[in-house]
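See structure below.
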Amino acid sequence: MRKLRLIPDDTHIRLMWLRRFNFPVSVLLSAVSVALFIVIGPDYGIDFRGGSLIEMKPLQQTVDVGSVRSTLGALDLGDIQVQEVSDLIDDTHNILVRIEQQAGGDEAEQRALTRVREAMGDTVEFERVEIVGPRVSGELAYNGTLALLVTLFAILVYVWFRFEWQFAVGAIVATAHDVMMTLGFFVVAGLEFNLASIAAILTIVGYSLNDTVVVYDRVRENLRKFKKMPIAALLDQSVNDTLARTTMTSLTTLLALLALYIFGGTVIRSFIAAMMFGVVIGTYSSIYIAAPLLIFFRLRPGAATADEAPEAAEAGGKV
């Protein structure tokens, strides 16, 4: 049987010269993403801002988003968000209600939930109820941020010991790029940002790092093999060597995530959407960010770049 390949194994695509264009674009988009996250902010879930989350299944045809909004609005519980969510598997249309954090702690949250149950009566079935108090939400936000920072530091130490400092800094910059772009994606796409979002970002960090290490490992092998090859030509060859594997891994991961996005239900949809974006941006950063950064950090300072010596790039690694 013929091997399934999106990209042939023996490609010779010059990718490093694009750093003059993709570096400024990536820096600009990363800065914009962080600015959007700070200034506008994502749609924080109750994990971070506290409050109550209620998913209810209508038992009568007269119960819809508008009627639920008017019924709960009369309870004077503060900001209430009501939206319809659907499940493609069993063709159900539930109603998701978010109630802002109540003054008075957990007891006030429980009283608000009791009033909601009494107001809705037997017209709906409560399928999911989540209540997070202000103290818990603050601790979750702190621990989530701390987990992300510790992960990035651990990546820096791991890659530094395994390779050289240029590889370590390149990996951390590429990973930070993926994190910032994902944060911007949450704002632009209007996805709910909760603890599952932190888990998605950490998963993206692991996926991106794995992809980057595969490329860096081939770079290290070629550094020993082609001692006189210009660094840009060597990086081009290293990325081309791993390009078929990288694209195939990304595609199969995206197919699995797409199935989960369609059939997994609304609970994990934000998580899966962020993961799909992270796989794409992680693949991009491994090729167009992590590898070209080694030129910027002068991994092989005594060698010319491929742009300065195109004949060496065409030599295909002959020494």
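Test Asn194 against the stated conditions and say whether it is free of Cβ contacts under 8 Å to residues at least 40 places away in the same chain and either under 14 Å from Ile281 (Cα atoms) or not acidic (Asp, Glu) (or both). Answer is no for this residue.
For the condition touching a Lys or Arg at 6+ places or on another chain (Cβ under 8 Å) and modelled with pLDDT of 85 or more, Ser238 qualifies.
Yes or no, residue by residue, for (1) at pLDDT below 85; (2) farther than 26 Å from Leu183 by Cα; (3) not in a loop (DSSP other than H, G, I, E, B):
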residue: Met1; (1), (2), (3): yes, yes, no
residue: Phe23; (1), (2), (3): no, no, yes
residue: Leu28; (1), (2), (3): no, no, yes
residue: Phe37; (1), (2), (3): no, no, yes
residue: Asp47; (1), (2), (3): yes, no, yes
residue: Ala103; (1), (2), (3): yes, yes, no
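Of all the numbered requirements in (1) farther than 15 Å from Ile281 by Cβ; (2) crowded, with 20+ Cβ neighbours inside 10 Å, Thr175 misses one, and that requirement is (1). Restricting region 208-241 to residues that are among the charged types (D, E, K, R) and assigned to a loop (DSSP other than H, G, I, E, B), the residue that is surrounded by the fewest Cβ atoms within 10 Å (Cβ to Cβ) is Lys227.
The single residue among Leu257, Leu251 that is free of Cβ contacts under 8 Å to residues at least 24 places away in the same chain and in a helix (DSSP H, G or I) turns out to be Leu257. For region 114-144, filtered to residues that are β-branched (Val, Ile, Thr) and modelled with pLDDT under 80, the residue that is farthest from Thr266 (Cα to Cα) is Val136. Annotation for region 249-265: at least one member residue is in contact with an Asp or Glu (Cβ under 7 Å, 6 or more places away or on another chain), surrounded by fewer than 19 Cβ atoms within 10 Å (Cβ to Cβ) and either of a type outside the set (A, V, I, L, M) or modelled with pLDDT of 85 or more (or both). Against the criterion of being modelled with pLDDT of 85 or more, under 19 Å from Ile272 (Cβ atoms) and not assigned by TED's automatic domain parsing to the domain that holds Arg98, Ile198 qualifies. Considering only region 274-292, I want to know if a residue exists there that is within 14 Å of Gly170 (Cβ to Cβ), buried (at least 21 other Cβ atoms within 10 Å of the Cβ), among the polar types (S, T, N, Q) and in the same structural domain as Ser30 (by TED's automatic domain parsing). There is at least one residue in region 274-292 that is within 14 Å of Gly170 (Cβ to Cβ), buried (at least 21 other Cβ atoms within 10 Å of the Cβ), among the polar types (S, T, N, Q) and in the same structural domain as Ser30 (by TED's automatic domain parsing). Screening Arg111 on (1) in contact with a Ser or Thr (Cβ under 8 Å, 6 or more places away or on another chain); (2) at pLDDT 80 or above shows it passes everything except condition (1).
Go through region 49-80 and count every residue that is outside any loop (DSSP other than H, G, I, E, B), touching a helix residue (DSSP H, G or I) at 6+ places or on another chain (Cβ under 9 Å) and of a type outside the set (Lys, Arg). Here the count works out to 11. May I ask you to verify whether Thr11 is surrounded by fewer than 18 Cβ atoms within 10 Å (Cβ to Cβ), touching a helix residue (DSSP H, G or I) at 6+ places or on another chain (Cβ under 7 Å), modelled with pLDDT under 85 and outside the structural domain of Thr242 (by TED's automatic domain parsing)? Here the answer is yes, as Thr11 does meet what is asked. Beta carbons closer than 7 Å, at least 6 apart along the sequence or on distinct chains, pair a first residue in region 81-92 that is modelled with pLDDT under 65 with a second that is among the hydrophobic types (A, V, I, L, M, F, W, C) for Leu88/Ile262; Leu88/Phe263; Ile89/Phe263.
Filtering region 156-177 for residues that are within 30 Å of Val97 (Cα to Cα), part of a helix (DSSP H, G or I) and not hydrophobic (A, V, I, L, M, F, W, C) leaves an empty set.
The values are calculated or read from the model by the stated rules, or taken from the named source; none is laboratory data. Predicted, not measured: the structure shown is a model, and the values here were computed from it. Don't worry about glycine lacking a Cβ; one is built from the backbone with ideal geometry, like all the others, and counts go over all protein chains shown.
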